[in-house]
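Below you'll find the structure, written out as structure tokens, and then a few comments.
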Amino acid sequence: MSGKVETMTPELKAFIEEWKTKPGNLIMVLHRVQQTYGYIPREIAIETAELLDVPLAKIYGVVTFYNFFRLQKAGKYNVQVCLGTACYLRGGDDIIKEFEKELGVGVNTTTPDGLFSVEAVRCLGCCGLAPVAVVNGEVHGKLETKNVAGIIDQYRKLG
Amino acid sequence: MGKLTLEDLRRMRGEKQKAIDMRDSSNKDVQVIVGMGTCGIAAGAKDTFTALVDSINEKGLTNVLIRQTGCMGLCHSEPTVEVVVPGMPAVIYGHVDAATAKEIVEKHVVGHELIEGKLLDRPSIDIIKNG
Amino acid sequence: MAFESYVLVCGGTACCSGGADKIVEAFAAELAAAGLKDKVQVVKTGCLGFCEQGPIVKILPQGTFYVQVKAEDVKEIVAEHLVKGRVVQRLCYDPEQAKKLVAEANIPFYQKQYRIVLRNCGVIDPEKIDDYIARDGYKAIEKVLFEMTPEQVVDEILKSGLRGRGGAGFPTGMKWKFAMMQPKGQKYMVCNADEGDPGAYMDRSTLEGDPHSILEAMIIAGYAIGASKGFIYIRAEYPLAIHRLQVAIEQATDLGLLGKDILGSGFDFEIELRFGAGAFVCGEETALLQSIEGNRGMPKPRPPFPAVKGLWGRPTVINNVETLANIPVIINKGADWFNKIGTATTKGTKVFALTGKVNNSGLIEVPMGTTLREIIFDVGGGIRGGHQFKAAQTGGPSGGIIPPQFLDTPIDYESLAKIGSIMGSGGLIVMDETDCVVDIAKFYLDFTVDESCGKCAPCRIGGRKLLNYLNKITDGRGTEDDIVQMQNISDAMCKASLCGLGQTASNPVRSTLRYFMDEYMEHIRDKKCRSGKCSKLIRYMIDPAKCKGCTACARKCPAGAISGAVKTPHVIDQSKCIKCGACEATCKFGAISHG
């Protein structure tokens, strides 16, 4: 776990103030939190609860309900392997196993050096390129297990 | 632009339709249209777009309009590019990488010839125009 | 140099094996002989679809479509069509089938696709409102806001026969009518763009390709039901679609097409985006509303229906993206134009994301009543790599698996329900003989178990139990009694679950049990998976006649499962084997095989 204590940015605070009076604001605010920090840090969740005047338990209730929100910081390179049906049929399952094997971490965990994390996602919508993995927004399509090591190296070299 | 009235909207539609029918927005009579949905971009449509722009600049062509559109539905052949040249049927090419993009400009736009191997069929009639 | 005509010869796999190259040569020779070499260009193309009718030749600019062309036919095409301008009728595709599905009979029509929802996708620049306006965009609101009463709008939609494209097929006009009839006051119009079905991306492509059509439809719906506020609930995983919607909302607001007093009509309507956060259950109406309100997306019992008591307790209509994309066209062209397309019970078209083991995967739109065979073989170009069609899956995790005997079923809501599947939102996944239906059922169950919100027991516990049985069977530990248990649990989940997710979650299991019982039995009795997908059922064997006793495999085996003396045939201890396949890859003599 990252030991760093996050502090609320002025932009985030302004966003929360702007949304404070709108009904049903919580999920939109949490999206903004995750956009800012890459995850939902506990200290920010506490501050958000105070600013919005909702119980912290409600925030954690929502955060843990939805797959999109994460409580742990993702790696510098977040590998999203698609497990939509088309990718599954064309071997997406093997691709994710290969990433896990090569990186030595399971799904939804970050490597100790903080460089990589692996995530299984449901349909990235490029079924024509199945199976697909996305690393920080960059799409790698028509993957085979033998390509995986090369992709990891490519990002590792960037540091 | 200010708020439209009903008449403004109708006039705007008429003018814009005329422009499209003449295939002539600001003296550009050739259109090259790149499919830029998520799938197209994932398959490299941005590189295709850049290659088209470079190639057209290189040739000094001023009559070509390059624009983006959404998904043409031909996911198996992304990136896809439609080419509209006056006097020639409008056609769609699939698997347009940077090299093919260059070929499109040289052979199709300049040479008025269709390119081998990558041409695809338009998936459906246009219900706005023909239906 | 300018050509007058173009001969397109399909260069897809099927057409090539049918002699496309010879046809190209024949055209070259015949055109030269006729002195047309500089007037007609012959081009080999990518796959044009219709592979079963190949080889295909298309002549531009007329667009004449010739099927099953042979090299011998080329002379006639050149002499008749290209020299004299007369179409060679005997080689034309018989358009009767396609014609009866759509209204217009006056155009030469060979294409199986017909695009209403996707009319602008791939045509306009989605970030330019001018492009949309030029193609009859915002024309429907002119008519609605100035010439029609809300009742007339609702009647028109009712008359069109449009049904919800999110999956269940509830008549859209009815939904609107219920909300319209509620007392005046705050009402909401919600667009469901939370496309969570794995393997489906119809709505994303529509939003990315034609965002204004959804805004226009929401204005129309808002006017009809008396709502001044709309929400688009969209997946956060769709950044490009979100961006294009934001651009579209900004442009429309700038021009006064959204906001106060639209076009001077006195009608106010504004649209706000709300992001989903990756919960499949939020596709369910009541759960979706919970999510917009900022809560965990847990469904509520219905009634009360959202049309009566929805968002913040106010009357709310929820329509999905594809449903809405039809609305402006219905208004512009009229309900009577729309309701001539499709089948007796299901009007209009359906967009499918055609994926899986099909040659031309893509986003397609066909009239209701088109058969699966036409979709997979004519539009989709058949099965990849010369494999056999085994099954098609519609409706995602809530749908069923359709075996080959139903390939010719005309698709509509009722026909699909009859054969144990559902229309669903539009994922259409094609499987070949290398796919295992038990494994697929497991894949979907795994998904729904993961996505179950946990509120009601039938879904939460039943789903888990079903998945356990499927795991047991694919691991080779299944018994025949498990099948009975699975059937019982499936029935209970259907009847007792609170929302659509739980009620339909067992469909993949039910439909595979119904049509592929023999494969379940093979897994259970023979401990065999015919597709080889269930790795735990694979048995590696050493052929003693071929084994030289080189010991390479024994040294490679990570589990120590192979034994044998040097230069004598080795054996695999099946109880220790972890089915990794390392031995087979190592053996230089081809003595190891699996089955």
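About its Cα centre, the dipole of segment C:349-432 is roughly 240 debye, where the only charges are +1 on Lys and Arg Cβ and -1 on Asp and Glu Cβ.
When you work out D = kT/(6 pi eta Rh) for segment C:5-94 at 4 °C and 1.567 mPa s, using the Kirkwood radius from C-alpha pairs as Rh and the Stokes-Einstein form, the result is 103 µm²/s. What number, in percent, do you get for the relative contact order of segment C:349-432 if the mean sequence gap of Cα pairs under 8 Å and at least 6 apart is divided by its residue count? Rounded, it is 37 percent for segment C:349-432. Using a cutoff of 8 angstrom between alpha carbon atoms and counting only pairs six or more residues apart, the relative contact order for chain A works out to 19 percent. C:VAL247 label point, 7 Å along Cα→Cβ, cut-off 18 Å on backbone N: hits in segment C:188-210? From segment C:188-210, the list is C:204-210. Maximal additional length on extending the C:LYS472-C:LYS39 stretch stands at 149.1 nm, based on 0.36 nm per residue less the C-alpha distance. Principal axis extents of the C-alpha atoms in segment B:1-105 (largest first, rounded to whole Å): 46, 30, 26. Put simply, the Cα atoms of segment C:349-432 extend 32, 22, 22 Å along their principal axes, the longest span coming first.
If you sort the three axes of the alpha carbon gyration tensor as a ≥ b ≥ c, you get a/c under 1.5 for segment A:10-65, which makes it rounded. Cα-Cα over 24 Å: which of B:LYS18/C:LYS143; B:LYS118/C:LYS39; C:LYS177/C:LYS455; C:LYS159/C:LYS260; A:LYS22/C:LYS177; C:LYS442/C:LYS495? Over 24 Å Cα-Cα: C:LYS177/C:LYS455; C:LYS159/C:LYS260; A:LYS22/C:LYS177.
Give the residues of segment B:92-131 whose amide nitrogen is closer than 18 Å to a point set 7 Å from the Cα of C:ALA28 in the direction of its Cβ. Backbone N within reach: B:113-119. Helical runs (DSSP H, four residues minimum) scored at -39500 (n - 2.57) apiece and divided by the length of chain C put the mean residue ellipticity at 222 nm at -10500 deg cm²/dmol. Take chain B, connect every pair of alpha-carbon atoms lying under 10 Å apart with a spring to form a Gaussian network, then pick out the residue of B:ASP54, B:ASP121, B:ASP29 with the largest mean-square fluctuation. Among B:ASP54, B:ASP121, B:ASP29, the largest mean-square fluctuation in the Gaussian network model of chain B belongs to B:ASP121. If you sort the three axes of the alpha carbon gyration tensor as a ≥ b ≥ c, you get a/c of 1.5 or more for segment C:200-277 and a/b above b/c, which makes it prolate.
If R0 equals 25 Å, the separation of the Cβ atoms of C:MET517 and C:ARG539 corresponds to a calculated FRET efficiency of about 0.65.
Under 5 Å between amide hydrogens, built in the peptide plane, is the criterion, and for C:THR316 it picks out C:TYR188, C:ALA307, C:VAL308, C:LYS309, C:GLY310, C:LEU311 among residues at least 5 positions away or on other chains.
Close amide H contacts of C:GLY426 (hydrogens built in the peptide plane, cut-off under 5 Å, sequence separation of 5 or more or a different chain): C:GLY395.
Label sites at C:GLN68 and A:LYS146, each approximated as a point 7 angstrom past Cα along Cα to Cβ, lie 4.2 nm apart. About its Cα centre, chain B has a charge dipole of approximately 540 debye under the convention of +1 per Lys or Arg Cβ and -1 per Asp or Glu Cβ, with nothing else charged.
Taken residue by residue and averaged, Cβ atoms of other chains lying within 10 Å of the Cβ of C:262-272 number 2.
Karplus-based coupling profile of segment C:252-259, in residue order and whole Hz: 5, 5, 4, 8, x, 8, 10, x, with θ = phi - 60° in 6.51 cos²θ - 1.76 cosθ + 1.60 and x standing for Gly or Pro.
Out of every Cα-Cα pair that the protein assembly as shown contains, those further apart than 56 angstrom amount to 13 percent.
Kirkwood-type hydrodynamic radius, chain A: 17.1 Å, calculated from all non-identical alpha-carbon pairs. With a Förster radius of 41 Å applied to the beta-carbon distance between C:ASN488 and A:ASN108, the computed FRET efficiency rounds to 0.75. Would you mind computing, in nm to one decimal, how far apart the modelled labels at C:LEU158 and C:GLU414 are, each placed 7 Å from Cα along Cα→Cβ? Distance between label points: 2.0 nm. Quick one: grab the alpha carbon gyration tensor of segment C:437-525, order the square roots of its eigenvalues as a ≥ b ≥ c, and give me rounded if a/c is under 1.5, else prolate or oblate depending on whether a/b is larger than b/c. Prolate shape, in that a/c is at least 1.5 and a/b is the bigger ratio. Note on chain C: Cα convex hull, mean projected area over all directions, 33.0 nm². For C:GLY342, the residues 5 or more places off, or on other chains, whose built amide H falls under 5 Å of its own are C:GLY348, C:MET368. Taking 7 Å steps out from each Cα toward its Cβ at A:LYS22 and C:LYS143 produces label points 3.3 nm apart.
Counting Cβ atoms of other protein chains within 10 Å of each Cβ in C:39-50 and taking the mean gives 5. If R0 is 30 Å, the Cβ-Cβ spacing of B:THR5 and C:GLN186 corresponds to a FRET efficiency of close to 0.60. Compared with the dominant Cα axis of chain B, that is its longest principal axis, helix B:6-21 is turned about 30°.
Where a number appears in this text, it was derived from the coordinates with a stated rule and is not lab data. Source: prediction; values computed, not measured. Glycine gets a Cβ as well: all are built from the backbone with ideal geometry, and neighbour counts include every protein chain shown.
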